[in-house]
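The values are calculated or read from the model by the stated rules, or taken from the named source; none is laboratory data. Just so we're clear, the structure is a prediction, and the values are computed from it rather than from any experiment. Note that we place each Cβ from the backbone using ideal geometry, even for glycine, and neighbour counts take in every protein chain shown.
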Ligand SMILES: CC(C)(COP(=O)(O)OP(=O)(O)OC[C@H]1O[C@@H](n2cnc3c(N)ncnc32)[C@H](O)[C@@H]1OP(=O)(O)O)[C@@H](O)C(=O)NCCC(=O)NCCS
């Protein structure tokens, strides 16, 4: 079968999300160098990976090919998204949404309560994705991006453990499953409690009807 987003565009993409390791960096940097004007270096990724439980970096891969990745920094009750990117040839296939869902699951597992991130004012596509996850703009960081002097919008989701947020995530899980089939390692102990609640919302509630109108 030929490789490429276009040939496979009608299929549900089988995706595995696993912790980022140093041997993934070649694939990660291939994407990083395409999507950012000031890409992170291998050294920066390596230093982030060395920070253990204060960070969580994951890659999304299909077979052996890395299609996207994400990074989160944990500071007390806050989970700060440091990076999220998808191979340009594979964007709008649900990979970014799947990575963000994985960030939420990881944040639950680590006991985080809030999510935050910065995003370029001009990056309206990413903002759209973040809004669907309940991120709200709370302020601006002037000239945050040194290479262009562009401002960053600071976005937050407060209290990712409340019932309403669980319902939002359950809906997003259903939406994600129309584009991506996740092949993910089983959840950790910390995830199980919230995941079982989520399962109840998805399978015993009426989300299917809500989502499909
Ligand atoms: C932002 C990014 C990670 C999104 O990844 P993606 O895999 O394309 O996103 P998804 O396919 O999961 O999108 C999910 C939803 O988010 C919204 N969305 C994502 N990209 C969008 C875009 N360019 N324009 C408008 N909406 C967009 C849509 O609602 C989309 O759902 P739909 O396709 O059913 O309409 C990707 O565009 C990227 O890597 N950009 C370059 C790096 C970057 O800007 N990272 C963010 C730094 S803050």
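A few remarks follow.
- Within the stretch 23-40, the set of residues being surrounded by fewer than 13 Cβ atoms within 10 Å (Cβ to Cβ) and closer than 22 Å to residue 119 by Cβ comprises 33, 34, 37, 38.
- Residues that are free of Cβ contacts under 8 Å to residues at least 40 places away in the same chain and near the ligand (Cβ under 10 Å from one of its atoms) within the stretch 74-83 comprise 81, 82, listed in sequence order.
- Candidates are the residues of the stretch 87-102 that are free of Cβ contacts under 8 Å to residues at least 60 places away in the same chain and more than 8 Å from the chain's Cα centre (by Cα); the one that is surrounded by the fewest Cβ atoms within 10 Å (Cβ to Cβ) is 88.
- Residue match in the stretch 54-63 (condition: assigned to a helix (DSSP H, G or I), away from the ligand (no atom under 16 Å from the Cβ) and more than 23 Å from residue 172 (Cα to Cα)): yes
- If the condition is being within 12 Å of the ligand (Cβ to nearest atom), touching a strand residue (DSSP E or B) at 6+ places or on another chain (Cβ under 6 Å) and outside any helix (DSSP H, G or I), then the stretch 89-125 contributes 93, 94, 116, 117, 118, 119, 120, 121.
- Count of residues meeting criterion [in a loop (DSSP other than H, G, I, E, B), closer than 26 Å to residue 111 by Cα and either within 14 Å of the ligand (Cβ to nearest atom) or touching a residue at least 12 places away in the same chain (Cβ under 8 Å) (or both)] in the stretch 128-163: 7
- The single condition among (1) near the ligand (Cβ under 8 Å from one of its atoms); (2) without any contact (Cβ under 8 Å) to a residue 24 or more places away in the chain; (3) in contact with a helix residue (DSSP H, G or I) (Cβ under 6 Å, 6 or more places away or on another chain) that residue 42 does not satisfy is (1).
For (1) farther than 20 Å from residue 146 by Cβ; (2) at pLDDT 95 or above; (3) within 18 Å of the chain's Cα centre (by Cα), each residue gets a yes or a no:
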residue: 16; (1), (2), (3): yes, yes, yes
residue: 33; (1), (2), (3): no, yes, no
residue: 67; (1), (2), (3): yes, yes, yes
residue: 78; (1), (2), (3): yes, yes, yes
residue: 85; (1), (2), (3): no, yes, yes
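- Restricting attention to the stretch 113-155, the residues being surrounded by 16 or more Cβ atoms within 10 Å (Cβ to Cβ) and within 15 Å of the chain's Cα centre (by Cα) number 14.
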